[in-house]
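The values are calculated or read from the model by the stated rules, or taken from the named source; none is laboratory data. Since the model is a prediction, treat every value here as computed from it, not as a measurement. Here the Cβ positions follow ideal geometry from the backbone for every residue, glycine too, while neighbour counts run over all protein chains shown. In case anyone asks, the SASA skips ligands and DNA or RNA and just uses the protein heavy atoms, side chains included. Shrake-Rupley method; radii C 1.70, N 1.55, O 1.52, S 1.80 Å.
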Amino acid sequence: MALEITAANFADEVLAGDKTVLVDFWAEWCGPCRMQGPILEAFAAEHPEVKVAKVNVDANGELAEKFGIMSIPSLLVFKNGKLVKSAVGLHDKQALAALTE
């Protein structure tokens, strides 16, 4: 299950530690975001080496603004606390694996 990220826990859950973190910026009203959810859950189950997290842009607008999120779903990959890759739109498990390599 994807971890819910807020401004309060972002630093501890995403920036701290040495695990690769895949963060999905999404919203309830976004159709492609709702389609991405189950794909992320399946990816997380198959890739325990990657922490999968979700940021609801409606509830955490400051995080969306900080990372320049203009379209959702937006996927950001952090390694060792640094943003290393990003992608916009709906992605399958293979694309997620390539993104988190």
Query raised in the report: Using 7 Å Cα-to-Cβ label points, what is the HIS47/ALA27 separation (nm, one decimal)?
Result: 2.6 nm
Requested in this report: Given the options VAL55, VAL84, VAL23, state which has the largest fluctuation in a GNM of the chain using a 10 Å cut-off (strictly under) for Cα springs.
Outcome: VAL84
Report summary line: Among LEU40, MET70, PHE25, the residue whose Cα sits farthest towards the positive end of the charge dipole of the chain, when +1 is placed on the Cβ of each Lys and Arg and -1 on the Cβ of each Asp and Glu, is MET70
Requested in this report: Name the long-range amide H neighbours of LYS54: under 5 Å, sequence gap of 5 or more, or other chain; modelled H, no Pro or chain starts.
Outcome: LEU3, GLU4, ILE5, ASP24
Query raised in the report: Using just the C-alpha positions of segment 56-101 as equal point scatterers, what log10 of I(q)/I(0) does the Debye formula give at each q in 0.27, 0.31, 0.32 1/Å?
Result: -1.07, -1.17, -1.18
Query raised in the report: Which aspartates and glutamates have a Cα less than 13 Å from the Cα of LYS85, not counting those fewer than 8 places away in the same chain?
Result: ASP24, GLU101
Query raised in the report: Per 5 Å bin, what percent of the C-alpha pairs of segment 11-96 does each bin hold, from zero upward?
Result: 3, 15, 28, 27, 20, 8, 0
Query - Difference of contour (0.36 nm per residue) and Cα-Cα distance, ALA7 to LYS93 - result: 28.3 nm
Requested in this report: Using the heavy atoms of the protein chains and a 1.4 angstrom probe, tell me the accessible area per residue for segment 4-101 in square angstrom.
Outcome: 51 Å²
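With +1 on each Lys and Arg Cβ and -1 on each Asp and Glu Cβ, how big is the dipole of segment 61-101 about its Cα centre, in debye rounded to the nearest 20? Mind dumping the intermediate values first?
Values: 5 positive and 4 negative charges, 32 e Å.
Roughly 160 debye for segment 61-101.
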Report task. Report ³J(HN,Hα) in whole Hz for each residue of segment 31-39, in order, from the Karplus equation J = 6.51 cos²θ - 1.76 cosθ + 1.60 where θ = phi - 60°; Gly and Pro get x. Result -> x, x, 5, 5, 6, 5, x, x, 5
Query raised in the report: Roughly how many percent of the accessible protein surface of the chain is carbon and sulfur, given a 1.4 Å probe and a whole-percent answer?
Result: 56 percent
**Report entry** For segment 65-77, Karplus couplings with θ = phi - 60° (6.51, -1.76, 1.60), whole Hz, Gly/Pro x
**Finding:** 5, 4, 9, x, 6, 10, 9, 10, x, 10, 10, 10, 10
